[in-house]
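A short worksheet on the structure shown next.
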Amino acid sequence: MYIVVFYMMTDNTRSVLKGTTKAMGLYQQVMAQNLVCSWVVMGGLSYYFAFALDMGLFGIWLAKLISDSLVSVCYTKTLSDTNWYVLAQKEHDRMFN
């Protein structure tokens with residue numbers, strides 16, 4: 001059950017970063033990252049861990065943990081690559097013009 005503790009940390013981080021990137025208007029990029037990590041990575045790893053390595057339910061949780069960690073890294077990279085000055089200027093112009 002220790003894996004659930006680590007899963008909760010990555011899931012909460014992913015949720016906060018997802019909201020932040022969506023609020024910035026990066027819907028397409030966030031959706032693509034989430035789709036690839038949640039379906040392709042998690043789906044493949046779940047099958048591999050649960051059936052090929054015969055880890056069962058623990059393998060599925062482990063795949064979910066890895067997938068959420070990868071999503072968090074992608075979202076963090078997206079946030080760190082953002083030009084905050086341009087984003088702030090665009091929002092300022094939208095609000096006052």
Practice task
Please state which one of SER80, SER15, SER46, SER72 is crowded, with 18+ Cβ neighbours inside 10 Å and out of contact with any Gly (no Cβ under 9 Å at 6 or more places or on another chain).
Solution key: SER72
Practice task
Would you be able to say whether some residue in the range 46-60 is small (Gly, Ala, Ser), at pLDDT 90 or above, assigned to a helix (DSSP H, G or I) and under 19 Å from VAL30 (Cβ atoms)?
Solution key: no
Exercise for the section: Mind counting the residues in the range 1-28 that are more than 11 Å from the chain's Cα centre (by Cα) and among the basic types (Lys, Arg)? Expected result: 1
Problem - Residues of the range 30-40 classified as surrounded by fewer than 16 Cβ atoms within 10 Å (Cβ to Cβ) and in contact with a helix residue (DSSP H, G or I) (Cβ under 6 Å, 6 or more places away or on another chain), total - result: 0
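The values are calculated or read from the model by the stated rules, or taken from the named source; none is laboratory data. For clarity, every value in this text was computed on a predicted model and none was experimentally measured. Methodologically, a virtual Cβ is constructed for each residue, glycine included, from the backbone with ideal geometry; neighbour enumeration extends over all protein chains shown.
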